[in-house]
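The values are calculated or read from the model by the stated rules, or taken from the named source; none is laboratory data. This is a predicted model, so every value here is computed, not measured. Because the Cβ atoms are built from the backbone with ideal geometry, glycine has one as well, and the counts that use them run over all protein chains shown. Please note that ligands, DNA and RNA were not included when accessible areas were found on the heavy atoms of the full protein model with its side chains. Shrake-Rupley method; radii C 1.70, N 1.55, O 1.52, S 1.80 Å.
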Amino acid sequence: GYAVALKAISCLNAEGIAFGINWVARSDNVYDFPNVIELAEKYHANNILVVGNKINSNGFLESSLSLEELCHLNAIITEYETGNGKIPIIIQQCYTDLSLLHGLSPYPINNGCSAGRIFCAINGKGQFMPCTHLPYYETYESINDYWTKSEILKQLREVTPKSLAGCSDCQKKDNCIFCRATERG
């Protein structure tokens, strides 16, 4: 897929069409992020979106970042931004761990996991799901019915760091809305 992606980037760049690069932060690629920045600059990308690693189709999170790797990634982003980097680096709103480490405010409604709070998804079969990374498929007559009657959405809205044992000692727990497609909970 890398060669196909590069060809697409080259075509977009040649036609003057704005594009960004989504990059999923994983333990097996975190030390390669400076090369992603270099690639984005070379092809004049409009931004880089740093995406948190999500569970796979089997419900497992592969190659998650350690705290050391997360801090390393944050340092790269901070150094690039303070060094007058040419490409905006955006941290995905539901990548709470990196957002908090980077000093982004967790207070606005559009920060943190949006699944079931301000966002839902519909697949090609017309099934509703809280997020494209949370394959809890449900069928309803309307979006409004899904939004107001889904027990899955209700459960997602009720899970907070305050309610999870692993988060109970965290200083950020009162304002954290962690991604529901990570290994938490």
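Just name the residue that is nearest to the chain's Cα centre (by Cα) out of those in the stretch 44-84 that are in a helix (DSSP H, G or I) and surrounded by fewer than 11 Cβ atoms within 10 Å (Cβ to Cβ).
L67
Here's a check for you: in the stretch 135-185, which residue that is in a loop (DSSP other than H, G, I, E, B) and at pLDDT 85 or above is most open to solvent (accessible area, probe 1.4 Å)?
Going through the qualifying residues, I end up with E141.
Quick check: anything in the stretch 11-22 touching a His at 6+ places or on another chain (Cβ under 8 Å) and part of a helix (DSSP H, G or I)? Don't jump to the end; show me each part of the working.
Kept after step one, since they are touching a His at 6+ places or on another chain (Cβ under 8 Å), are these residues of the stretch 11-22: 13.
Now drop any that are not part of a helix (DSSP H, G or I), which leaves 13.
Within the stretch 11-22, one or more residues are touching a His at 6+ places or on another chain (Cβ under 8 Å) and part of a helix (DSSP H, G or I).
Conditions (1) open to solvent by 80 Å² or more (accessible area, probe 1.4 Å); (2) of a type in the set (S, T, N, Q); (3) out of contact with any helix residue (DSSP H, G or I) (no Cβ under 7 Å at 6 or more places or on another chain); (4) over 22 Å from L98 (Cα atoms), marked per residue:
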position	(1), (2), (3), (4)
G1	yes, no, yes, yes
A5	no, no, yes, yes
S10	no, yes, yes, yes
N29	no, yes, yes, no
N35	yes, yes, yes, no
K42	yes, no, yes, yes
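For the stretch 29-43, what are the residues that are at pLDDT 95 or above and not in a helix (DSSP H, G or I)?
If the condition is that a residue be at pLDDT 95 or above and not in a helix (DSSP H, G or I), then N29 is the only one that fits.
Does the stretch 87-113 hold any residues that are of a type in the set (S, T, N, Q), open to solvent by less than 50 Å² (accessible area, probe 1.4 Å) and modelled with pLDDT under 70, and which are they?
N111
Within the stretch 114-134, count every residue that is open to solvent by less than 70 Å² (accessible area, probe 1.4 Å) and part of a loop (DSSP other than H, G, I, E, B).
Of the residues in that region, 9 qualify.
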